[in-house]
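To start, I am sharing the structure in question, which I have written as structure tokens.
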Amino acid sequence: MNFWSYLLRRAVGILFVLIGVSIVTFVISHIVPGDPAAAALGDRARDEQIEAFRTEYGLDRPVVEQYIRYVSGLVRGDMGRSIRTRRPVTQDLGEKLPATIELAIAALLIAIVLGIPAGIWSAIHRNQLPDILVRIFSLVGGSLPIFWLGLLMIGLFYNQLGWLPAGGRIGQFTPPPDRITGMYTVDSFLTGNLTALQSSLHHLILPAFVLGYFSTAVIARMMRSSMLEVLNQDYLRTARAKGLKERAVILRHGFRNALIPTLTIIGITFGSLLSGAVLTETIFSWPGLGGYATSAAIGLDFPAVMGVTLIAGIIFPLSNLFVDLGYAWLDPRIRHG
Amino acid sequence: MQKITRSLWVLGILIAVLAIAACAPAPAAQPTAAPPTAAPAQPTAAPAEPTAAPAEPTAAPAAGSAADTIVYAKNINDVVSMDPAQAYEFSGWLGIHNAYDTLVKFEGKDLTNLKPGLATKWETKDAGDNWELVFTLGDNLKFASGNPITSADVVYSFQRAIELNKSPAFLWTSVGGLTVDSITAPDEKTVVLTMPKSASPAEFLNVLTAPPLSIVDSVEVKKHETQVDGKNDFGNTWLSEQSAGSGPYIIDHWTKEVEFLLKANPNSPVQPKTPNILVKHVPEAANQQSILEQGDADIAHDLTPEQIASLAGKADLATAQAGNLQLFYMGMNAKLPPLDKPEVREAIRYAIDYEGITTQLLSGNAKIIQTIIPDGLMGANTDIIFKRDVEKAKELMKQAGVDSFEIDLQTYVGNAGIVPLGDLAAKIQADLAEIGITANVSQQAQADLLPIYRAQNASIVVLYWGPDYPDPNTNAGPFSDYAQKVIAWRNNWDDPKAAEMAEAAKIEPDTAKRIELYKELTEYVAHNGPYAILFQPLQLFAMRSNVQGFDWNPMGYVDLWSVSK
């Protein structure tokens, strides 16, 4: 089996995951107590309005029939109409998802750029001051509630220092860039709109840091422990004995091998960054998928909940797939197919 | 090893440099960096040529600058649409109220004196089996597009709302008793609404002031009609994100959960004091306070009473209290023993510490109201009927032959505006305990509790009700008339006398007589109904101290064209 067969096999796997996710989510969302009509129409809706609502959303049909109708719509690219926003779910997701992806990628970049060097630095200075500092940094990162950290960062960088904005994706007097991907930083770069690029970067830093801090801590800890393990391996001793410079020993031989377990964590982190951005998005008024998912869940907005769940159901296996492909790149002994 | 350490340091410094570079203040238009200059010139004359209809927006344009823009921080998560025929949420009404005109209107925060809007005069005619409401439109009226406003626009606006059958449609059909055919235009200036005798022209005139009854530019909207699910959408898709009205502003754009921007309408006879109003979606109250304090917002809408108190004495900031027509009430299931005994319900009303709730629990940010029509609406009865009297309450329990009992008390989770519902329920629980009633408090999501309440299966609820439109019948009917299947129904209170009194007050054409009838009704319901009306909360605002003219209308919106800084 070659590489393409491997990819095909994984794609089929993802399809089964999606079918499973859709069934479980659909069933759960239809057996939870609560009336979506009550959530959507409020306390002044009349009986006939409630009945019309149930008919419109097919809630008066058996659950199995509702599911079949949903899946048949899905095949045509129709994820239904959101109960809360009254718009097609695909349209809502098209607006929200790029904002969340942009934030999650930025957070992941921060986590990688800070976490990996911190882990290496900590490992090679085991039990010395740098190691202690990194361990404190990691401990704090793993313990701080995002909500509190967000408010703290706003208090420091916005209220006190005035360096960074408190929220939003772009300055309130800066026109957003023309839409290409929906990610402001990317779109402003692609269209050469430097004002929008600077403003969107400016707005991205704080939420990305807050969202990425926990992941930075996790990556740093994982990198430290795997680096410590690698540093004691025979092949590094051999490399040193051959007269290689310490930098080459660490970065060329140690780093590459220590990166494999860290890559697993990075893959998992990306999925959880996408789905875990709820608080960060709320604190920073970031109009992404997190807030949309929360409102959908509270409002018993089944079509929107299904849409968000399916997106997560695609992203998690995809990030796992990329991690698996990364293993092969890092370790030639691993071959897919 | 040292070289590696040095490499890592270099990398760290590089990251720091990049971060600092990105942290550099953005150019030009950041509000903190742009000092207010002279106030911009107000448009003095309407342009000779009608302005073109706005093109399909590709990217949302930003407001002008800090000096000519009021930035209003608010949680606008509730906006579903900016189409008057669909919007039925507070934030949507805020935009629509400022971008459209109605046939008649109330001015400022007064909700009792009807004034001319697009119609300069109106009259109610008794046409035998029907009422006829006849409106005459003013001269030289124009939409923002430059199109003249005619009776055809009024007919189209009302007919499309009925055809679309979105949330506000009941205002025409149920309240006004109107159909598509009963809205006619004999000539360009005259509109006739033919209403059944069961409807109240006096009530419907007040309904006509509500934002859903706004008049849309039929010429513009028709250009954007399209088929949705095989049916004409009457321009609803297009109108959801912008406006086609004649108000002092146009809705430049609405971006879901981001912002909506109002820009001055050059064709309006009322020129706004501030050319742009940017309503920013800021869901977190803490964030609203931060950006207000830093000067990045001029008005903050959703601060908690504690936050408002913390701003006292801060330079450059001011706080304000305004009216709010919500009524918080305790509903009792009138068929559930022992609540089926009027004496027990009266005992409960005497057991409640109204003063403690408003002054301590709500820190004075509420007003005691004990009848079903809130202060601010015509016919409001602000009499203090019940004061806490534990001995009297115990005596009433004894008269009812009830010593003590245990009962469920349900409310929603979280806060309702400034009111912490759990704390309110706990306070009432403590008050009731003093007369021997053990209330088991539970908090549920609206989607869970509402079906129970609707099905008449709740025992005691602590909830709230706000008017749909500025007329007393929006409260009197639901609280008094069991057949309406709203609040009286949910509390199992079927009292034909109350229903008849509410109906008589509704259809009475004479305003003075109507007020008298509502006084009688509110007193009757206060003693006989299954409610303990608790209070009317205030709406709290914080703003920069240079903001002027912010005069909140208790219906839930404000004349933004009067606001300046």
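Taking segment B:196-246, which trypsin sites (Lys or Arg not before Pro) meet the DSSP loop condition and have no more than 15 other C-beta atoms within 10 Å?
When the trypsin sites (Lys or Arg not before Pro) of segment B:196-246 are filtered for loop state and at most 15 Cβ neighbours within 10 Å, B:K197 remain.
Additional query: Among B:I357, B:I384, rank each residue by its count of other Cβ atoms within 10 Å, from fewest to most, as a rough exposure measure.
The fewest-first ordering by Cβ neighbours comes to B:I384, B:I357.
Report, largest value first, the span of the C-alpha coordinates of the protein assembly as shown along each principal axis, in whole Å.
Over the protein assembly as shown, Cα extents along the principal axes are 109, 78, 62 Å.
Let me know the shape class of segment B:104-218, please: from the alpha-carbon gyration tensor, a ≥ b ≥ c as square roots of the eigenvalues, rounded when a/c is under 1.5, otherwise prolate if a/b is greater than b/c, or oblate.
Because its axes are fairly even, with a/c under 1.5, segment B:104-218 counts as rounded.
I need the shape label for segment B:327-537. Rule: rounded when a/c is under 1.5, else prolate if a/b > b/c, else oblate, with a, b, c from the alpha carbon gyration tensor.
rounded
Apply the membrane-span-like helix rule to chain A: whole DSSP H runs, Cα extent along the own long axis of at least 27 Å, mean Kyte-Doolittle hydropathy at least 0.5. List the helices found.
Passing helices, by number: A:3-31, A:89-124, A:194-231, A:255-275, A:302-330.
I've got another one for you. With a point put 7 Å past each Cα toward its Cβ, work out how far A:E48 is from B:D316 in nm, to one decimal.
Label-label distance for A:E48 and B:D316, simple model: 5.6 nm.
A follow-up question, please. What FRET efficiency would be calculated for the residue pair B:I384, A:S225, taking the C-beta separation as r and a Förster radius of 60 Å, to the nearest 0.05?
0.30
Which of the residue pairs B:K74/B:K335; B:K105/B:K197; B:K115/B:K273; B:K223/B:K263; B:K105/B:K280; B:K166/B:K506 have a Cα-Cα distance greater than 32 Å in the structure shown?
As for pairs spanning more than 32 Å Cα to Cα, those are B:K74/B:K335.
Excluding residues on the same chain fewer than 8 positions from B:K394, give the lysines whose Cα lies under 17 Å from its Cα.
B:K341
Just the number, please: percent antiparallel of the DSSP beta bridges in chain B, rounded to the nearest 5.
The antiparallel fraction comes to roughly 75 percent.
Right, something else. Based on Cβ point charges of +1 for Lys and Arg and -1 for Asp and Glu, what charge dipole magnitude is obtained for segment A:231-333 about its Cα centre, in debye rounded to the nearest 20?
About 860 debye.
Let me ask you something else. Listing A:D234, A:D60, B:D83 from the residue with the fewest other Cβ atoms within 10 Å to the one with the most, what is the order?
Lowest count first: A:D234, A:D60, B:D83.
Can you tell me which lysines have their Cα less than 22 Å from the Cα of B:K367? Leave out same-chain residues fewer than eight positions away.
Correct list for B:K367: B:K109, B:K387, B:K427, B:K519.
Taking just the alpha-carbon atoms of segment A:3-75, what radius of gyration and Dmax come out, in angstrom?
Rg and Dmax of segment A:3-75, Cα atoms, are 17.3, 59 Å.
Mind listing the phi-derived Karplus ³J(HN,Hα) values for segment B:478-489, rounded to whole Hz, using 6.51, -1.76 and 1.60 with θ = phi - 60°, and x for any glycine or proline?
Result, ordered by residue: x, 7, 10, 9, 4, 5, 6, 6, 10, 7, 4, 4 Hz.
Would you please name the trypsin sites (Lys or Arg not before Pro) within segment A:234-284 that are DSSP coil residues with at most 10 other C-beta atoms within 10 Å of their C-beta?
Taking segment A:234-284 and a limit of 10 other Cβ atoms within 10 Å, the loop trypsin sites (Lys or Arg not before Pro) found are A:K242.
So between A:I314 and A:D60, what do we pick up on full extension, going 0.36 nm a residue minus the alpha carbon distance?
Roughly 88.5 nm would be gained on extension.
Still on this structure: Which semi-axes, in whole Å and largest first, does the equivalent ellipsoid of segment B:259-333 have when worked out from the alpha carbon gyration tensor as the square roots of 5 times its eigenvalues?
Here the semi-axes work out to 28, 22, 13 Å.
With the Cα gyration tensor of chain B giving a ≥ b ≥ c as the square roots of its eigenvalues, does the rule (a/c under 1.5 for rounded; else a/b larger than b/c for prolate; else oblate) give rounded, prolate or oblate?
Oblate is the answer for chain B, as a/c is 1.5 or above yet b/c matches or exceeds a/b.
Still on this model: Which whole-Hz ³J(HN,Hα) couplings does segment B:208-224 yield from phi under the Karplus relation 6.51 cos²θ - 1.76 cosθ + 1.60, θ = phi - 60°, glycine and proline marked x?
Once rounded to whole Hz, the list reads 4, 8, 6, x, x, 8, 5, 9, 9, 6, 5, 5, 5, 5, 4, 4, 10.
I've got another one for you. Which ³J(HN,Hα) values in Hz, rounded to whole numbers, follow from the phi angles of segment B:307-324 under the Karplus curve 6.51 cos²θ - 1.76 cosθ + 1.60, where θ = phi - 60° and Gly and Pro get x?
Running phi through 6.51 cos²θ - 1.76 cosθ + 1.60 with θ = phi - 60° gives 5, 4, 5, 5, 8, 4, x, 7, 4, 6, 10, 9, 10, 8, 10, 9, x, 8 Hz.
What nm value, rounded to one decimal, do you get for the distance between A:V140 and B:A455 when each label is placed 7 Å out toward the C-beta?
Here the modelled spin labels are 5.3 nm apart.
Moving on. Please identify every one of the GluC sites (Glu not before Pro) in segment B:89-150 that sits in a loop by DSSP and has no more than 14 other beta carbons within 10 Å of its own beta carbon.
B:E107
Let me ask another. Report the label-to-label distance for A:Q160 and B:D110 in nanometres (one decimal), using points 7 Å from each Cα along the Cα→Cβ vector.
5.2 nm
Listing B:I368, B:I291 from the residue with the fewest other Cβ atoms within 10 Å to the one with the most, what is the order?
B:I368, B:I291
Moving on. Can you list residues whose amide H is under 5 Å from B:A366's amide H, if they're 5+ apart or on another chain and H is modeled 1.01 Å from N?
Excluding prolines and chain starts, which carry no amide H, the hits are B:L538.
Mind checking Rg over Rh on segment A:80-227, alpha carbons, Kirkwood formula for Rh?
Here the Rg-to-Rh quotient is 1.07.
Since every read-out is calculated from the coordinates, none of them should be taken as a lab result. Every value quoted in this text rests on a predicted model; they were computed, and no experiment measured them. A quick note on method: Cβ atoms are made from the backbone with ideal geometry, for glycine too, and the neighbour counts reach across all protein chains shown.
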